[in-house]
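**Q** Next up is a structure, given as structure tokens.
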Amino acid sequence: MKAKIVVHRLSVPGGSVPGRMRAAVVVCMAAVAIGWTPQATVAAVPTADLVELCIKVRSAFVFVEGGSGVVIRPDGLVLTNHHVIAGNGKRSFTVRLGDGRSFRAKLLGSDAFGDLAALQLELESGQTAPHLELGDSDALKVGDETLAVGNPFGLGVIDQSPTFTAGIVSALHHTQGSYTECIVTDTEVNPGNSGGPLIDMAGRVVGINGQISTRFGLRSNTGLGFAISAKQIKLWLPRLESAGGGEVKHGRIQGVGLDAGAAGEFQPVRVKSVADGSAAAAAGFRTGDTIRRLDDAPVPNAIRFGAVLGMYPEGHDVRVTVDRDGAEVELSATLVAPKRAKLGMSLLRPRDNDFTPKIDSVEEGTPAATAGLKPGDVILAVNGSPIELRSKQAFRAFDIFLRARFNVGDILALKIRRPAADPEEFEAQLVGK
């Protein structure tokens, strides 16, 4: 059998990417697999637009501290990851653009938890820098094509040029560790790509690459990369630029306690308690409110609530829509940075493979003492979650959890068992150290 196969460009005008090219190749391979002996005429897949995109993007790329960055304004504002520039206390760096020019750059501000940092190129009077504009990450859809630009494994040091990889958006609104509401992509990113841009096909920065999924202990990409969204970047930029080289903290609604039953995937977010004199009380939260939206983002459950809230810096005024007695009420809360909390108790060290979390001592005048906790109490549950410890590692993790996980204003519900008594629940409102 003979067949004539004409492979046309598998794209809409303005888009020509390797993924589509691979699809064309698959068509040809399938033809061969079923026994055709094709007299093939393959129409060349135009690649000029992708080449032009790489050329456009290259000059705005930044080599910084073995990692990557990107210029997003003509005045030389640079974005990168916090972990790229952290660790040595430096506030000034020598960086190199993708066009080969070197500049000094000073640190404006960073977000250690969210892993974002802003630098400023030191340009001469009247000088501008090649740059890429920030795009609209909210407009992204799963399947949209993306380009990652970076310095994987330090290859740029060898050939003095950034590396380009292409892929698609795999998922949106994902939480990966401290990255909340991030973009997931199969675009290849590896160590050295951190801080580099995730680009849409119009050449706009829709995210900053920073984490990858790995396996078998290898520090190489296994198919998933995670990028901080342009939406989150825009929320942080004003505060990063005015931080004077310091750190900007994430914000939270201080003093609101959520119902432990709301932690389920399909459970709405209900307010269980509001601390007197807290930011939550000032904003008008009431016990029994069901939180529906943060700004314009729906929050159908506690997981999504925490993810959306995790995008915001301290000082941000967030609109919170709650359902109260069947009617929607809109509140405005100014987010404050968490402060370390002190519970005021310690656990008895485990003995003979007995890892029962039993209170060893309670410090006078602390939230633990005020709540009525006593030495000898056994902790059965925290905020509705049962506690069952079966190893030294699990005990150590729980001990750290009690000492470091909570913030000032949090309300901690502990279910306690005492000798010859039924289990009781105690609430402790946490105070600062």
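**Q** Collect the residues in the range 288-312 that are surrounded by 21 or more Cβ atoms within 10 Å (Cβ to Cβ) and farther than 15 Å from P268 by Cβ, keeping them in residue-number order.
**A** Hits for the range 288-312 are L309, M311, Y312.
**Q** What tally of residues in the range 65-83 results from selecting those that are surrounded by fewer than 23 Cβ atoms within 10 Å (Cβ to Cβ) and hydrophobic (A, V, I, L, M, F, W, C)?
**A** The number of residues fulfilling the criteria is 1.
**Q** Tell me, which residue of the range 139-175 that is exposed (fewer than 13 other Cβ atoms within 10 Å of the Cβ) and among the charged types (D, E, K, R) is farthest from S102 (Cα to Cα)?
**A** Out of the qualifying residues, it is K141.
**Q** What number of residues in the range 335-361 are over 30 Å from G315 (Cβ atoms) and open to solvent by 40 Å² or more (accessible area, probe 1.4 Å)?
**A** Residues in the range 335-361 being over 30 Å from G315 (Cβ atoms) and open to solvent by 40 Å² or more (accessible area, probe 1.4 Å): 12 in total.
**Q** If R270 meets every condition in (1) in a strand (DSSP E or B); (2) modelled with pLDDT under 90; (3) open to solvent by 70 Å² or more (accessible area, probe 1.4 Å) apart from one, which number is that one?
**A** (2)
The values are calculated or read from the model by the stated rules, or taken from the named source; none is laboratory data. Keep in mind the model is a prediction, meaning the values are calculated, not measured. Glycine also receives a Cβ, built like all others from the backbone with ideal geometry; neighbour counts cover every protein chain displayed. Quick note on the areas: whole protein, heavy atoms, side chains included, nothing else; ligands and nucleic acids left out. Shrake-Rupley method; radii C 1.70, N 1.55, O 1.52, S 1.80 Å.
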